[in-house]
Amino acid sequence: MMPGYTLRQLECFTAVADHGSIHAAATALFASESAVSAAVTALEEAMGAQLLVRRKAHGAALTPSGRYVADHARALLAQAGDLQLHAADAAAVLRGRVSVGCYGTLAPTLLSALVDGFVRRHPDVEVDFVHGDQPSILEAVESGRADLAIAYDLSLGSQLQRLPLYTAHANVVLSPEHPLAAQERLGLRELAEHPMIMLDVAPSRDNTMRMFAAAGLVPRVRFRTTDFEVTRSLVGRGLGWSVLIQAPAGNLSYEGKPLRVRPLDEDAAGVPVSLVWSAQRRLSQAAQAMAALARELFGGPPA
């Protein structure tokens, strides 16, 4: 059965969804407002559902049906573009666009290495990226704003496909003056007696609290911060210790104060890091190439 809608209608509708109004979508598409509005109306008729709530002074808002259609429309448009780009030369040269998300504390090392390697290998592909807390990058993947994302493989839903990359291990970070800094390995029981700086972002916070709960302990949290470098700076000033999974190459805080990094005894299993994407969408050739490069760079198993 042939669909009763066109790619142009999907393009107009997703432009309204992304830009928030008929006017802004028309500007982005170099089209008239009447043409964009008519395309959306025709799409609604084809779908048999209202996709937008049009408000003159406040733009346009997606209905629940509209959010569903927008997510899938982005994937269809990406596949259509991928087909057109590679039909002529049978993918001899990779073209198109790919967007990758990355959990914030992993981004300075993993994301930069992945983007650098990809643009060198595939210069004709437009690369975009987003980084932030785990819920926001997973939402970007589910909504179609990102094709792939690098995330900690903790509490990920069944709607995501995953490619394991490597296992990260938690470290204790202390100032050189901390009473425990001379020890080569540290356990939560002895650490629980000292003030802690908590990196208060998911899933890092949740993983730390799970380890404490499993040991029957409660940490003495002195300060909470949502920033990785602020956490390290507070530790560098001797205000407490912290548990961090990502370890920068240099053991200095952002202010240049020395830090001591020690393995955590309770983290024998580690935390898996995976590349994830929506199970509802087929990866474009560019996204498949990025997944292959991530596996190559970060040591994941063969697909």
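Read-outs: derived from the displayed coordinates by stated rules, not from any lab. Since this is a predicted model, take the numbers as computed values, not measurements. Here the Cβ positions follow ideal geometry from the backbone for every residue, glycine too, while neighbour counts run over all protein chains shown.
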Arg97 long-range amide H proximity, modeled H, under 5 Å: Glu126
Placed amide H near Leu264: partners under 5 Å, 5+ positions off or other chain: Val172
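According to the Cα gyration tensor, what semi-axes, each the square root of 5 times an eigenvalue, does the equivalent ellipsoid of the stretch 7-73 have, listed from largest to smallest in whole Å?
In descending order, the three semi-axes are 16, 13, 11 Å.
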Kirkwood Rh, angstrom, the chain [1 / mean 1/r, Cα pairs]: 21.9 Å
Residue-wise HN-Hα coupling along the stretch 205-211, computed from phi with Karplus coefficients 6.51, -1.76, 1.60 (Hz; x: Gly, Pro): 4, 5, 5, 5, 5, 5, 5
Under 5 Å, built H, 5+ apart or other chain: amide partners of Val130: Val100, Gly101, Cys102
Residue-averaged [θ]222 nm for the chain, counting only DSSP H segments that reach four residues, each worth -39500 (n - 2.57): -12000 deg cm²/dmol
DSSP bridge orientation in the chain - percent antiparallel, rounded to nearest 5: 55 percent
Integer Hz, Karplus 6.51/-1.76/1.60 couplings in order for the stretch 26-43, x for Gly and Pro: 4, 4, 5, 8, 6, 10, 7, 4, 5, 5, 5, 4, 5, 5, 5, 4, 5, 5
Under Karplus coefficients 6.51, -1.76 and 1.60, residue-wise ³J(HN,Hα) of the stretch 245-254 in Hz, glycine/proline x: 8, 7, 10, x, 5, x, 8, 10, 6, 4
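Counting other Cβ atoms within 10 Å, which GluC sites (Glu not before Pro) in the stretch 112-217 have at most 14 and lie in a DSSP loop?
Glu177, Glu184, Glu193
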